[in-house]
1. According to the Kirkwood expression over distinct Cα-Cα pairs, how big is the hydrodynamic radius of the range A:106-262, in Å?
2. Which trypsin sites (Lys or Arg not before Pro) in the range B:1-109 sit in a loop by DSSP (not H, G, I, E or B) and have at most 12 other Cβ atoms within 10 Å of their own Cβ?
3. Taking a cut-off of 31 Å, what percent of all Cα-Cα pairs in the protein assembly as shown are separated by more than that?
4. For the range A:25-170, what is the convex hull (Cα atoms) projected area averaged across all directions, in square nanometres?
5. What Kirkwood radius, in Å to one decimal, follows from the Cα pairs of the range A:1-91?
6. Can you give the FRET efficiency to the nearest 0.05 for B:ASN24 and B:ASN67, using r as the Cβ-Cβ distance and R₀ = 35 Å?
7. Once the principal axes of the Cα atoms of chain B are found, what is the range along each, listed largest first in whole angstroms?
8. Please report how far the C-alpha centroid of the range A:55-99 lies from that of the range B:42-88, rounded to the nearest whole angstrom.
Amino acid sequence: MVSGIGAFTISCLKETAQVLKLLREILYWIFIAPFKGKPLKIKLIFDQMIFSGWHSTLIVFFVTMFTGIVLAMQAAYQLEKMGALMYVASLVAVSLCRELSPVLTALVVGGRVGSAIAAELGTMKVSEQIEALETMAINPVKFLAVPRFIALFFMLPVLTIFGDAAGIFGGYLMGVHSLKINPALYTQITFKFLLLKDIYTGLAKSFVFAMIIALIGCRQGLNTRGGAEGVGKATTNSVVLSFIFIILADCIITGIFYFSNM
Amino acid sequence: MEKDIIISLNGINKTFGNRHILKNISLDIYKGETFVIMGCSGSGKSTLLRTITGAIKPDTGKLHIKNKNILELNNHEFDKIRRDFGMLFQYSALLDSLTIEENVALPIREHTKLADEIIKIIVKLKLSLTGLKNFEHHHPSEISGGMRKRVGLARAIALDPDIVFYDEPTSGLDPIVAAVIDKLIKDLSKKLLITSVVVTHDMQSVFKIADRIAMIHQGEVIAIGTPSEIQKSNNALVQQFINGQVQGPIDFFKNTELFKI
């Protein structure tokens, strides 16, 4: 039992070291290599931005909008008793921007894009495509991981803002049409209590979540072994680990913001 | 006349766990020749090829390519040597997400600053050398296995390499396409003065293309020479292998090593 826990801890530490090594390599290719005559390929980054950002908009819209609707109903259930129904607007907006939209968007993108990264890179690994790149003196981290990392780093915050808007819109629909709150009052209360720092804190989280999704997806994919079964494992692991680390990072970052009064 | 050595292996050893895959391998490959490494499945020939291409690091030994000990080079220096390599993989290893044209153009785009129009002309030229026309905009999944091999070959020679490695170039192909691939290997070696290192166990192919042959058995080089020397070899293992006999010193049913990769 004790030796089992020890072995698990060691394997976790080793995996963390490998993920950090991958991060170091990615940062080298982004910040140092371009000054040594090895520029980034904009087209590869743009293609990944389309895939991870644009193609995720619909699912992010639906998930956050329905969360806004649900949040409005649940808030109304309590606030109605205190005669403070109109504050549904501020509760929906603040909780979405600070917490729900960044986390839900990250989970949706982690499930959709993180798994796709692990599956694609994993298939490339087991079908010798990664080895082929290396034989052609093309660095797989530069060619495959860096565009995905940069694309997610910029697109996840954009999707989060889009999710904020979609969620607030969902809350508005519920508040105005079902809870019969005056539309002008709903809008006024939303923007009275929603501060810019609420959006900033949510965005700060989404940058961290983007790095988690990209690093875990790329690491799992590039480390795939054992054919189709290995690709399946890598894909599952990437989703499970991304979800765990997103929630863990959310807890830590929220704690930092809370105790520093942000 | 003394021949120039382009690849030299000296005392190469490689173990995976407790399995000794390559045992003290020493051999020289000369500039411009077609050198075939043959052996049974699991004999270590693919590991040997991957060791030469740098995908696997040997435990001990020296490996010189173009007079440089590649085991002492850092990644950047080794990448410079790798630009003079081309490799045709057993399953072609074309990038699924790219078209045929983009696959062949990939090494050119990554390692040169040529304009797109020029790259397209080079790609057409390389594809026509391997007998492929009008397939540039297809994806690898849309063409046959034989065509994929030819695209892989076009990609391997895209940067006009000095050395091309072939891993089982004819496996899984029908006899006619296999003969086409053999002819291409031979023609390209002659036309482009390429040194070819071929790993195969296709005996028809071996004697058609080889200038010299090395036979690997259980991680050791047991015979090396010209095709006629190999055919006349007194070594029972070699004779059993080239004649494809069930009876002989290689006992397929007893030797479980043969089932391992």
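1. Final number for the Kirkwood radius of the range A:106-262 is 17.6 Å.
2. For trypsin sites (Lys or Arg not before Pro) across the range B:1-109 that sit outside H, G, I, E and B with at most 12 neighbouring Cβ atoms in 10 Å, the list reads B:LYS3.
3. Of all Cα-Cα distances in the protein assembly as shown, 56 percent exceed 31 Å.
4. 10.1
5. Computed over the range A:1-91, the radius equals 18.7 Å.
6. That pair, B:ASN24 with B:ASN67, gives E of 0.95.
7. Principal extents (Cα only, largest first): 57, 43, 42 Å.
8. 59
No value in this document is a laboratory result; all are computed from the given coordinates. Everything numeric in this text was worked out from a predicted model, so none of it was measured. Backbone-built Cβ (ideal geometry, glycine too); neighbour counts: all protein chains shown.
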